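This report concerns only the one structure given below.
The values are calculated or read from the model by the stated rules, or taken from the named source; none is laboratory data. The structure displayed is predicted, hence computed values, not measured ones. Neighbour counts are summed over all protein chains in view; Cβ atoms, including those assigned to glycine, are modelled from backbone coordinates with ideal geometry. Surface accessibility is based on the protein's heavy atoms, side chains included, excluding ligands, DNA and RNA. Shrake-Rupley method; radii C 1.70, N 1.55, O 1.52, S 1.80 Å.
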Amino acid sequence: MINKKIIGSLLFAGLLVGCGSSEKPSVAGNKNKEITVYTALENEQIPEYLASFKKQYPDIKLNIVRESTGVIVSRILAEKNNPQADVIWGTAATGLLVLDEANLLKAYSPKGIEKINTKFKDNSGKDPKWIGNNAWMTAISVNTIEMKKLGIEEPKNFADLLKPEYRGLISMPNPASSGTGFLTVSALVQLLGEEQAWQYMADLDKNMGVYTHSGSKPAKTAASGEYPIGISYGYPGIKIKNEGAPINVYFPSEGSGWDSEANALINKKDIKDEAKIFLDWAISEEAMAMYAKSYAIVSREMNVKPPKGFPENPISQLIANDFSWAAANKERVLSTWEAKFGSKTEKN
């Protein structure tokens, strides 16, 4: 049963609609206006984003379950014979590809799908199995005060992170539990090739203080000074910096690994109309405007500037990410990584 991680049940209103794999919601007499949403969005983002949905649909009750991408994927796989979630929202696309391979996603074209950049959605069939909201990318957060105390320069790219003066000062997400961790490891393999990438990660491990379960935690521990260098992603580091924390945020000159926070409909016997309403809202212009406050790249064309702290041309920062390769090789890469480096992962 879902109860441990429920952030809250929010009462929302929605249209009462009919169901079908690609049909748009229409008025009908469904009395069960309640859905369960699994998400990997940050805790502080969820209520801010959902204010828009609450205003439009005050009679749809949402049970929001927040976990990291790796935990969400494992949970849905474990629940495959009795799915508990109705919708996945804001969870790494590479994780959703794994679920698609297990036939756990249902194709659906939300309202406005034609306005989504094809780079950020499933293009394998008539209706997509997943649709991305944005792109988030690897960034390095560095505590400026601690670096001055230690008398060492701030690392600004992947190559810098191997310098011996950073021994024990770095934290990074475990790729098995964090989508941010996996997008960084996947990027290193794609940038360097398998052999060189594993050697790089072995050298990086010598400087690693801890691997976290949360993708945003390394940015936060960099800000606190606990581990003054955090390999994380852009949003949390920039948010903390803009709030006054003594950190600088660098996007690696080699290019950033990236993924898309994506949405999907769970493939189950009882697909609720409210789940489709939620997916329609999740890629609406109003929702995208909120995503754009936190992320430099959104999947729907919007006339907005990147938030302060991101590169002026953020798309140029992204590596040529092969999503299909990442999904097909994920289990193998994670197994290899865990065997080599998992012993430094923080305890739950």
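The charge dipole of region 61-156, taken about its Cα centre with unit charges on the Cβ of Lys, Arg, Asp and Glu (plus for the first two, minus for the last two), comes to roughly 240 debye. Calculated over region 74-124, the projected area of the Cα convex hull averaged across directions stands at 4.0 nm². Over region 199-314, the fraction of Cα-Cα pairs per 5 Å bin, rounded to whole percents and listed from the shortest bin up, is 2, 9, 16, 17, 16, 14, 11, 8, 5, 2, 0.
Spin-label model, Glu165/Ala202: points 7 Å from Cα along the beta carbon direction are separated by 2.7 nm.
Restriction of the trypsin sites (Lys or Arg not before Pro) in region 103-163 to DSSP coil positions whose beta-carbon has at most 13 other beta-carbons within 10 angstrom yields Lys126. Under a cut-off of 19 Å between alpha-carbon atoms, report the aspartates and glutamates in cross-link reach of Lys54, not counting same-chain residues fewer than 8 places apart. Cross-link targets: Glu34, Glu42, Glu44, Asp86, Asp273, Glu274, Asp280, Glu285, Glu286. Net charge dipole, the chain: roughly 700 debye, given to the nearest 20, about the Cα centre with Cβ charges of +1 for Lys and Arg and -1 for Asp and Glu.
Among Glu338, Glu114, Glu67, which one shows the biggest mean-square fluctuation in a GNM of the chain, springs joining Cα atoms closer than 10 Å? Its mean-square fluctuation being the largest, the pick is Glu114.
Taken over region 256-348, the alpha-carbon convex hull comes to 196 cubic angstrom per residue. Could you compute the net charge surrounding Leu105? Neighbours are other residues with a C-beta less than 10 Å from the C-beta of Leu105; K and R count +1, D and E count -1. Once positives and negatives cancel, what remains is -1. Close amide H contacts of Ala139 (hydrogens built in the peptide plane, cut-off under 5 Å, sequence separation of 5 or more or a different chain): Ser232, Tyr233, Gly234. Between Val73, Val304, Val189, the Gaussian network model of the chain with springs among Cα atoms under 10 angstrom shows the greatest mean-square fluctuation at Val304. Taking the longest Cα principal axis of the chain as reference, the axis of helix 45-56 is set at about 20 degrees. Label zone (Asn103, point 7 Å along Cα-to-C-beta; backbone nitrogen cut-off 18 Å) within region 245-282: 265-271. Farthest toward the positive end of the dipole of region 98-138, out of Leu104, Ser124, Asn134, is the Cα of Asn134, where the dipole comes from beta carbon charges about the Cα centre. Surface analysis of the chain yields an accessible area of 43 Å² per residue, using protein heavy atoms and a 1.4 Å probe.
When the P(r) of the chain is calculated, the portion above 25 Å amounts to 51% of the C-alpha pairs.
The slack in the chain from Glu79 to Ser335, taken as 0.36 nm per residue of separation less the alpha-carbon distance, amounts to 90.0 nm. Taken along its principal axes, the alpha carbon cloud of region 26-185 reaches lengths of 68, 34, 33 Å, longest axis first.
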